[in-house]
1. Of everything in region 82-117, what is of a type in the set (A, V, I, L, M, F, W, C), in contact with a strand residue (DSSP E or B) (Cβ under 7 Å, 6 or more places away or on another chain) and within 22 Å of residue 537 (Cα to Cα)? Give them in sequence order.
2. Does region 171-227 hold any residues that are at pLDDT 90 or above and exposed (fewer than 13 other Cβ atoms within 10 Å of the Cβ), and which are they?
3. For region 393-408, state whether one or more residues are closer than 30 Å to residue 469 by Cβ and of a type in the set (D, E, K, R).
4. Identify all residues within region 589-606 that are among the hydrophobic types (A, V, I, L, M, F, W, C) and free of Cβ contacts under 8 Å to residues at least 40 places away in the same chain; write none if there are none.
5. Please state which of the following conditions residue 588 fails to meet, knowing it meets all the rest: (1) within 30 Å of residue 57 (Cβ to Cβ); (2) in a loop (DSSP other than H, G, I, E, B); (3) touching a Pro at 6+ places or on another chain (Cβ under 9 Å).
6. Out of 102, 108, 53, which single residue is surrounded by fewer than 18 Cβ atoms within 10 Å (Cβ to Cβ), hydroxyl-bearing (Ser, Thr, Tyr) and in contact with a Phe, Trp or Tyr (Cβ under 9 Å, 6 or more places away or on another chain)?
7. Does region 233-246 hold any residues that are of a type in the set (A, V, I, L, M) and assigned to a strand (DSSP E or B), and which are they?
8. Would you point out which residue out of 284, 230 is over 30 Å from residue 101 (Cα atoms), modelled with pLDDT under 95 and part of a loop (DSSP other than H, G, I, E, B)?
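The values are calculated or read from the model by the stated rules, or taken from the named source; none is laboratory data. Predicted, not measured: the structure shown is a model, and the values here were computed from it. Positions of Cβ are generated from backbone atoms using ideal geometry, with glycine treated the same way; all protein chains shown enter the neighbour counts.
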Amino acid sequence: MKQKYIILTFLLSVIYGFSYAQILDDSTKQVYGVKTVRYMLEDDILNNRKTFYNPDTSLTNFHLFDFSLQSGLLYQDLGNVGTAIKPLFFLPSTDVAKNLGYNAYAPYAFDVRKTTYFNTKSPYTNVHYVQSGGGTGIMHFIHSQNIKPRLNATLDVRRLAASKQYGAPQTREERSVDSWAALFHSNYESKDGKYIILGSYNHFNHAPLEQGGIKPLSDTVNFVAENSLGNYRDYLSKRTGAASRDWRNEWHIYHQYKLSNGFQVYHTLDYQKRRDLYTDVKFGSDSAASTSYYHLSPKSSKDTLSMDVRYRLLENKFGIKGIYKGFAYRLYFRQRFYNLKSDFGDDFRLKLKSETLLGGWANYFFPDSVRRAYAETEFGTNGNLRLQAEYLSPMIKLSFLQLSSPANILDEYFVSAAYRRNTSLKNVFSNNIGATTTILSGRWTFTPSANYSLIKNYIYYNQQAQATQTSVPISIFRVGLGLNYQWKKWSISNQSYFVANSEEQFIRMPRFTNNTQIAYTFLYAKTLLISTGLEIYYRTAYKADNFMPLNRQFYLQDQQLVWGTPVADAFADLKIKKVKLFFKFAHVNQGFPLNGYYVSSTYPGLRRTFYLGVNWPLFD
């Protein structure tokens, strides 16, 4: 409740401020707009290529309202917004430090490394709201203004609520996900430009119900057939008393000082305080829950199954950077301290640990200023190693990434049903290479890509949801082809991926993935811009991982195929002056060819649902 009062007070203050903010010239013409609102990114400042960007005002793909849709649905979730999620394909992490390992809900939190640090000439407010007929509501509110010419403060708030698709909900508002994310950030630059400081406070409170998927109507079957799904609301869920919470507070500061031309010192401070909870109040009354769902042995005698994990992390990074003989460079020292406490057994805790990493980075711009190449390395006390190099030009991008990453903290505790720490897991080693190019031919644009990964000591969660390490190397080859065709007011875009995987028993991915969009864009009555069309998503059937809410990990299952059917969404995006709207009919083809489909084991995909959304930026 306190959060709601704080946000309400802030909104009223903004409205009060608007009544006094009449930023007009003598002819009553508004002089401030999107061009007078700029933002910068920490990575650009860190790499000495400070760049200012303006807020996005384009209408293209405005109906893609969350990160998964914007990626082309290249994530596996549990069928609803706000549920546990992971990348659809193998994606190596570039952070080789020893991390906690709770990542299933992380994409819904703000990423402080991607904070947009504003510099505004006038108060800037952006309101984005999405509502669906299925009970999903998303609100994103930004307010930013310069307190002084070189000092800015911004409040960024996201609210997400999603209703149950199944599990016999009594009302449309019976929620399956309730989430708040708030980011307050500020930036300051000295008058002479020598000192810059960026700072942010990030709060995340994500509370999903863990339904466990659809419960079969008979004990003799593992799942409901796709063509029998129909109205998902008629089906019960496997779990009815289980819930999770991902709660975190994070402070982040980056600042730098220029000692002389071409030479700077910088420091980054991060403090993270997390609490991850899971509770199943009906665990004791469900005799099959221990072995068939949680894979616990021996059976717990408790009526309630609960886990409360508290994690703390303090990290400091000190470095120098500058330019030497045409190369931009960075050298840094990174020190981390972390600990873990839990009420889930005496062994499920970790006393204060430390970790040290050293790193360096070099970047070179070719004389034409449009091509560049960079290389970076990082190594540490846990056998951490990262070697990374890229070549980028307008026509081609080449990349190489070599990693040696320690097991996550949670992996070491979930290697057996006893849930006792085991430090025998080896570092995961991988070599990753990639290439992408763009070819223009008349109205056609072709974007072929290729990625190859060779992985050793891969850590996965087996059919009992326990961390296991492979003894054989895994080769994954993925090729992609993007096509775009423009003719008058019509546009057709298509993105396909094909995957060859040497060890499908350890990593499950669809062999073929395809996204197609057909759109028609026109101007109505000289003021209303409209883009309308159809999107079709298809993945070949594959045995996607199941989800274990107790340790928040996706794990292997061998009983059920998911996807294998096309899913179509109809949309219309509209823009009049500053305001953008969209109307979307998701899964419009439900009933043809099937009544439903699955995205994870026993978790159905989104049923036919109507969405509408609006975005309204204010510049005074």
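1. Listed by number, the residues that qualify are 84, 85, 88, 89, 90.
2. Passing the criteria: 190, 191, 192, 193.
3. Step one: list which residues in region 393-408 are closer than 30 Å to residue 469 by Cβ, which gives 399-408.
After this cut, where a residue has to be of a type in the set (D, E, K, R) as well, the list is none.
Scanning region 393-408 turns up no residue that is closer than 30 Å to residue 469 by Cβ and of a type in the set (D, E, K, R).
4. Going through region 589-606, the residues among the hydrophobic types (A, V, I, L, M, F, W, C) turn out to be 592, 594, 599, 606.
Scanning region 589-606 gives a single hit, 592.
5. Every condition holds for residue 588 apart from (3).
6. Details: 102 fails: surrounded by fewer than 18 Cβ atoms within 10 Å (Cβ to Cβ); 108 fails: surrounded by fewer than 18 Cβ atoms within 10 Å (Cβ to Cβ).
Being surrounded by fewer than 18 Cβ atoms within 10 Å (Cβ to Cβ), hydroxyl-bearing (Ser, Thr, Tyr) and in contact with a Phe, Trp or Tyr (Cβ under 9 Å, 6 or more places away or on another chain) holds for just one of 102, 108, 53, which is 53.
7. Within region 233-246, the subset of a type in the set (A, V, I, L, M) is 236, 242-243.
242, 243 - these are the residues of region 233-246 that are of a type in the set (A, V, I, L, M) and assigned to a strand (DSSP E or B).
8. 230
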